[in-house]
Amino acid sequence: MSNTNITHVVVPGTFDPVTYGHLDVIARARRLFPQVTVAVAASVGKNGTGPVFSLDERVEMISAALADGSSSFEGIEVRPFSGLLMNFCHEIGASGVVKGLRAMTDFEYELQQADLNYRLSPGVESIFVMGSPEFGYVSSSIVRELARLGSDVSFLVPPVVAKRLKERFGAAC
Ligand code: PNS
């Protein structure tokens, strides 16, 4: 563990696509730390399948959602990354990773990742924030499924994402 204060954190994820739940976590990270980088992983999804949206599309959607004029997102940078998250943190000089926890179901997965990241890089702190209960049930996979089935998802994702989903799946959003 390092004694230096943490000023720059990364909010990592696949963001396939970004949801209001993610934006809530990003805003919370920004309240806590002066410098926040949203790191969009190029990697394949948890179940071995590739993301629905390309890396460029995912970066574009988050950038557009953060540029909505809200002061909660001021000064946040969005960057793609591939390979190990810890290497990316070192590359950009970030010493913390902020993630959101929803239900207990998130906990085991996040604990495993935090433990592994600690082994790889003990100087980078894993920090967890509780997302707003309003978004407790929101996930990218739920959004993709609803959109595929033609449901309106505009209550779960920012307008830019709802539009992209409609183009991709013909969802009624
Ligand atoms: O939104 P997600 O899919 O829960 O995000 C997972 C992500 C991208 C944060 C995680 O898979 C990750 O850190 N990937 C980079 C590869 C890596 O560093 N793996 C070792 C840590 S588990």
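The values are calculated or read from the model by the stated rules, or taken from the named source; none is laboratory data. Not measured: the values here are computed from a predicted model. All Cβ positions, even for glycine, are placed from backbone atoms using ideal geometry, and neighbour counts span all protein chains on display. With ligands, DNA and RNA removed, areas are computed over all heavy atoms of the protein, side chains included. Shrake-Rupley method; radii C 1.70, N 1.55, O 1.52, S 1.80 Å.
For the chain, which whole percent of the accessible surface, found with a 1.4 angstrom probe, sits on carbon and sulfur atoms?
53
Can you work out the Karplus-derived ³J(HN,Hα) for every residue in the range 11-28? Use 6.51 cos²θ - 1.76 cosθ + 1.60 with θ = phi - 60°, whole Hz, and x for glycine or proline.
Coupling constants for the range 11-28: 10, x, x, 8, 6, 10, x, 5, 10, 5, x, 4, 4, 4, 5, 4, 5, 5 Hz.
Give me the accessible area of Asp115, 1.4 Å probe, in Å² rounded to the nearest 10.
90
Quote the charge dipole size of the chain about the Cα centre in Debye, to the nearest 20; the model charges only the Cβ of Lys and Arg (+1) and of Asp and Glu (-1).
It comes to approximately 160 debye.
Over the alpha-carbon set of the range 75-173, work out the extent along each principal axis and list the three values in angstrom, largest first.
Taking max minus min along each principal axis of the Cα atoms, the range 75-173 gives 46, 29, 24 Å.
Quick check on the chain: what are the equivalent-ellipsoid semi-axes from the Cα gyration tensor, as sqrt(5λ), descending, whole Å?
Rounded to whole Å, the semi-axes are 27, 17, 15.
Protein chains only, probe 1.4 Å: how do Arg58, Arg148, Arg102, Arg164 rank by accessible area, largest first?
Greatest to least solvent exposure: Arg148, Arg102, Arg164, Arg58.
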